[in-house]
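The block underneath contains the structure these notes are about, expressed in structure tokens.
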Amino acid sequence: MGLLTFKQGVHPAYNKKKTRNKEIVDAERPEIIYIPLQQHIGAPLKPLVERGDQVDRGQKIADTDSFVAAPVHSSVSGVVKGIEKVNDSGGGRVEAIKIEVAEEDKNHFMEPLNAKPEDLDPGDIRERVREAGIAGMGGAMFPTHVKLAVPDGKKVEYIILNGAECEPYLTIDHRMMIEKGKEIVEGLKLLMRATGASKGLIGIEDNKPDAIRTLKSLVSEEPNIEVKETETKYPQGGEKMLIKALLNREVPVGGLPLDVGVVVNNTSTAAAVYEAVKLGKPLIDRPLTITGSGITKPMNIRARIGTPVSEIIDQAGGFNGEVGKVILGGPMMGKSQPSLNVHIVKGTSGVLVLQKHEVENFSPIPCINCARCVDVCPTNLVPTKIAKLAELEKLDRLEEMQVMNCIECGSCSYICPSRRPLVHNIRIGKAEVAARNKSE
Amino acid sequence: MQSQDLIVTSSPHIRDKSSVAEIMWSVVMALLPALLAATYIFGLRVLTVVGTSIATCLLTEYIFQRVRKKRVAVFDGSAVLTGLLLAMTLPPSIPHWVVVVGSIVAIGLGKQVFGGIGHNPFNPALVGRAFITSAYPVIMTTWTFDGVTQATPLNLMLMEGEATPYWELFIGNIPGSIGETSAFFLLIGAAYLIYKNYLNWRIPAGMISTVVVLSWVFGQDPIFHLFAGSLILGAFYMATDMVTSPITKAGRWIFGIGAGAIVIIIRIWGGYPEGVTYAILLMNMTVPLLNKYTRPRSLGEVK
């Protein structure tokens with residue numbers, strides 16, 4: 001009792017034991033990689049290379065003039081083989097630069113910015129974050145430099161690092177906090193400098209006591225940084241939930257954390273910011289957890305961006321048993337894949353493989369108004385009602401019921417004893433409301 | 001590696017284990033102690049009444065689902081629960097054919113005409129009970145206890161102003177409906193359901209506290225009103241019927257408080273000695289409005 005948290009939420013089986021104590025290992029170099037041109041929310045990129053070009057590890061290979069975008073870099077040295085359409089993890093198709101991997105890597109990094117965080121120009125840090133192509137590594141892939149650009153009239157008081165890792169199965173943020181704690185804290189200082197935030201907080205669920213200890217000892221000499229222990233409860237890592245838990249502030253409906261003086265970043269993103277500034281290394285690889293009953297050797301692994309998911313599965317010993325689902329991300333918000341012909345991108349926090357018997361399709365039966373969805377919704381919506389309105393396409397009523405405040409965490413579908421696809425229908429309702437409002 | 005046949009659905013990819021059937025069967029389980037107590041107090045006839053009621057409910061449910069070409073799901077626990085609850089509200093000496101009529105009305109008019117599980121506005125068991133109470137008032141108010149026809153404690157209070165000892169009321173060693181008499185065993189089951197999170201505690205809390213407070217305000221004995229009659233059975237097992245009670249927290253409070261107030265109005269000023277059935281049925285009508293006007297404030301919403 002007394003632990004920081006938000007109201008409501010669910011307690012799924014966490015299933016983190018298989019990988020929580022396993023050190024992150026480097027994945028083997030693939031022979032071919034595909035670097036998708038869209039690995040962020042925002043404007044599409046234009047390739048800077050063409051077929052036959054020689055590229056090096058860390059070299060920028062696509063960019064745009066648009067502000068809301070994150071450039072991509074080659075994660076290997078090799079030869080560009082062309083630009084092809086490939087599956088993206090969201091179920092669509094995306095253009096990707098195909099690179100044949102060379103025998104040896106040659107680094108093509110940026111110049112490190114060696115001054116202490118407080119001596120660096122905030123604009124230089126933001127520029128570096130953009131040039132490094134950093135986008136939210138928790139899964140949302142929103143370009144990080146955009147979050148750091150504080151509009152006139154707004155003030156950032158707190159940078160919150162999200163180390164909650166509330167998705168079941170995933171342990172990569174956990175491992176990063178233990179293995180790369182120093183980088184994370186340095187990255188936090190850079191994020192604070194970039195936004196002018198005076199305080200930094202790191203929120204971690206209490207099921208990771210070793211990570212809490214490690215980071216607490218690392219920040220013991222830092223007067224402006226605090227590690228906060230939260231209750232273990234899904235979706236504690238949701239931005240709005242974390243802000244509510246740590247600061248008791250509520251992000252206004254339709255607003256941003258910035259409206260309450262906060263910017264939230266993932267812990268792995270902070271480590272990437274550190275590498276970009278201090279080592280000049282762009283975001284070209286990322287750590288992730290590969291796990292689940294359908295994987296022979298669950299592990300934490302650092303993979304190059306663009307590595308085919310099938311190769312990562314091979315390195316984890318391949319499939320185990322009769323596989324039902326391959327999910328990129330966690331079981332609550334991750335996306336199930338129709339094929340293994342998809343690639344690791346900046347937001348891929350995990351590859352989760354579940355056996356068939358665990359994911360047999362449940363057929364929905366009528367809602368019995370048990371209100372379990374109402375009782376767990378972390379943004380205090382009435383999911384069953386909203387899902388029905390979405391099916392009926394009652395857009396005005398949907399807006400009245402605050403459908404846009406849904407964070408799509410899936411707690412309602414998870415808890416529903418009638419197995420109704422609540423969040424699925426709500427997502428569709430949200431999209432329809434958004435589309436209508438845009439066209440008006 | 002070769003690609004296997006992968007299942008693709010939208011998230012989430014894991015589900016809580018509880019199902020509608022599990023919830024319904026848990027409520028059935030929770031009622032068993034009170035049923036056993038009733039069998040001990042009133043005799044084995046209780047079991048034949050309960051058996052008749054459950055069997056008729058299942059058969060009615062089956063026929064409706066077949067005729068309407070719906071998925072036959074008679075063993076999802078809901079029809080068994082309706083049958084059991086209906087039987088719990090009946091006098092132990094009731095003729096079996098009346099039980100059959102009540103059960104057909106409960107499932108047919110109370111549930112299936114609205115489209116089956118999840119769609120009915122009124123508690124089906126109470127619809128059945130209300131029907132046979134109006135149709136056969138004498139049968140429904142004849143209470144046999146220890147082989148003799150007697151008045152229930154509420155009747156004694158209404159007609160003679162005579163109180164029954166608290167301990168007899170609490171344990172249930174009194175004339176009354178099969179399932180309403182033993183508060184003690186009903187509460188054991190309710191505690192189990194609250195522990196499993198299958199019971200909205202706000203509704204019984206609102207309903208019972210209102211009955212206690214109002215009976216005290218109007219100069220009556222609150223403890224008597226608490227344990228005489230079917231308040232405990234109604235508050236914990238009927239008013240909390242998920243399908244027919246509000247889905248918001250504030251709505252559940254108002255629903256419970258409203259039902260409690262109606263119970264007291266009927267008991268003190270009404271023609272019937274007991275008012276739990278009608279209190280709940282009347283509040284069932286308010287559920288859509290309650291849901292509409294008690295929508296919770298969403299996180300970050302300025303209302």
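Debye calculation, C-alpha points only, no solvent: report log10 I(q)/I(0) for segment B:173-303 at q = 0.13, 0.14 Å⁻¹, in the same order as the q values. One equal scatterer on each Cα of segment B:173-303 leads to -0.53, -0.61. Put simply, the C-alpha atoms of segment A:103-238 give a gyration tensor, and the ellipsoid matching it has half-axes of 25, 19, 16 Å, longest first. Taking the Cα centre of chain B as reference, the dipole from Cβ charges on Lys and Arg (+1) and Asp and Glu (-1) amounts to some 1180 debye. Modelled spin labels at residue A:432 and residue B:201, positioned 7 Å past Cα toward Cβ, are 3.9 nm from each other.
For residue B:69, the lysines whose Cα comes closer than 27 Å to its Cα, not counting residues fewer than 8 places off in the same chain, are A:385, A:388, B:111. The equivalent ellipsoid of chain A has semi-axes of 32, 27, 23 Å, largest first, where each one is the square root of 5 times an eigenvalue of the Cα gyration tensor.
In this calculation the C-beta distance from residue B:160 to residue B:265 is compared with R0 = 22 Å, giving a FRET efficiency of 0.55. What separates the Cα centres of segment A:331-345 and segment A:414-440 is a distance of 21 Å. What is the P(r) of the protein assembly as shown, as percent of Cα-Cα pairs per 20 Å bin from 0? Over the protein assembly as shown, the share of Cα pairs per 20 Å bin runs 16, 40, 26, 15, 3, 0 percent.
What value, in deg cm²/dmol to 500, does the helix sum -39500 (n - 2.57) over DSSP H runs of n ≥ 4 give at 222 nm once divided by the residues of chain A? List each step's numbers first, then the result.
On the way: 14 runs with 119 residues, N = 440.
When only DSSP H runs of four or more count, the value is -7500 deg cm²/dmol.
Temperature 4 °C, viscosity 1.567 mPa s: under these conditions the Stokes-Einstein estimate for chain B, based on its Kirkwood radius over C-alpha pairs, is 65 µm² per second. Taking segment A:245-289 and a reference point 7 angstrom along Cα→Cβ of residue A:206, the backbone N atoms nearer than 16 Å belong to A:245-246.
Under 19 Å of direct C-alpha separation, and excluding same-chain neighbours fewer than eight residues apart, residue A:16 reaches these aspartates and glutamates: A:165, A:167, A:173, A:179, A:205, A:206, A:210, A:229, A:231, A:358, B:16.
Note down the relative contact order for chain B as a percent, whole number, built from C-alpha pairs under 8 angstrom at least six residues apart. Show your work: numbers first, answer last.
On the way: 480 pairs, mean separation 51.8, N = 303.
Once divided by the residue count of chain B, the mean separation gives 17 percent.
Cys residues of the protein assembly as shown that find no other Cys beta carbon under 4.7 Å: A:166, A:367, A:370, A:377, A:406, A:409, A:416, B:57.
When chain A is treated as a Gaussian network with alpha carbon springs shorter than 10 Å, the biggest mean-square fluctuation among A:375, A:285, A:314 belongs to A:314.
Summing Cβ point charges (Lys, Arg +1; Asp, Glu -1) relative to the Cα centre of segment A:21-86 gives a dipole of roughly 120 debye. Past 27 Å, Cα to Cα, is the threshold; run A:199/A:278; A:233/A:346; A:180/A:356; B:70/B:249 against it and keep the listed order. Going by Cα-Cα distance, A:180/A:356; B:70/B:249 fall outside the 27 Å limit. Spacing of the modelled spin labels on residue A:396 and residue A:363, each 7 Å from Cα toward Cβ, amounts to 3.8 nm. Pairs of Cα atoms nearer than 8 Å and 6+ residues apart set the relative contact order; for chain A it is 18 percent. For segment B:188-208, the residues whose backbone nitrogen is under 17 Å from a point 7 Å from the Cα of residue B:286, taken along Cα to Cβ, are B:202-208. Structure remark: mean-square fluctuation, Gaussian network model of chain A, C-alpha springs under 10 Å; the largest value among A:131, A:221, A:231 belongs to A:221.
Fully extending the segment from residue B:93 to residue B:69, taken as 0.36 nm per residue of separation minus the present Cα-Cα distance, adds 4.9 nm.
Start at zero, step by 10 Å, and the Cα-Cα distances of segment A:290-374 spread as 17, 46, 21, 12, 4 percent across the bins. Computed on the Cα atoms alone, the convex hull of segment B:250-303 gives a volume of 70 cubic angstrom per residue. Dipole magnitude for the protein assembly as shown: about 1040 debye, using +1 per Lys or Arg Cβ and -1 per Asp or Glu Cβ, origin at the Cα centre.
With the convex hull of its Cα atoms as the shape, segment A:6-48 has an orientation-averaged projected area of 7.4 nm².
Helix-only estimate, please: 222 nm mean residue ellipticity of chain B, summing -39500 (n - 2.57) across DSSP H runs of length 4 or more and dividing by its residues, to the nearest 500. Show your work: numbers first, answer last.
Values: 12 runs with 166 residues, N = 303.
Here the helix-only value at 222 nm equals -17500 deg cm²/dmol.
Here the Kirkwood formula puts the hydrodynamic radius of segment A:1-118 at 17.6 Å, using every distinct Cα pair. Here the spin labels are modelled as points 7 Å beyond Cα on the Cα-Cβ line, and at residue A:198 and residue A:322 they lie 6.2 nm apart. Here, segment A:52-160 yields an orientationally averaged convex hull projection of 9.4 nm² when only Cα atoms define the hull.
The count of lysine pairs in segment A:82-158 whose Cα atoms are under 26 Å apart, excluding pairs fewer than 8 places apart on the same chain, comes to 6. Scaling against 2.2 N^0.38 Å puts the C-alpha radius of gyration of segment B:157-243 at 1.11.
Once the Cβ-Cβ distance between residue B:293 and residue A:100 is put in as r, and R0 is 51 Å, what FRET efficiency do you end up with, to the nearest 0.05? List each step's numbers first, then the result.
Details: r = 65 Å, r/R0 = 1.27.
The calculated FRET efficiency here is 0.20.
Can you find, among A:204, A:215, A:169, the residue farthest towards the positive end of the dipole of segment A:155-215? Put +1 on the C-beta of Lys and Arg, -1 on that of Asp and Glu. Result: A:215, furthest along the dipole toward the positive end.
Quote the Stokes-Einstein diffusion coefficient, in whole µm² s⁻¹, for segment B:22-164, based on the Kirkwood radius over alpha carbon pairs, a temperature of 37 °C and a viscosity of 0.692 mPa s. Could you put the intermediate results ahead of the total?
Numbers: Rh = 15.8 Å.
Approximately 207 µm²/s, per Stokes-Einstein.
Every number in this text was worked out from the coordinates using simple rules, so none of it is lab data. Bear in mind that the values here come from a model prediction, so they are computed numbers and not experimental data. Every residue, glycine among them, receives a Cβ derived from its backbone with ideal geometry; neighbour counts consider all protein chains shown.
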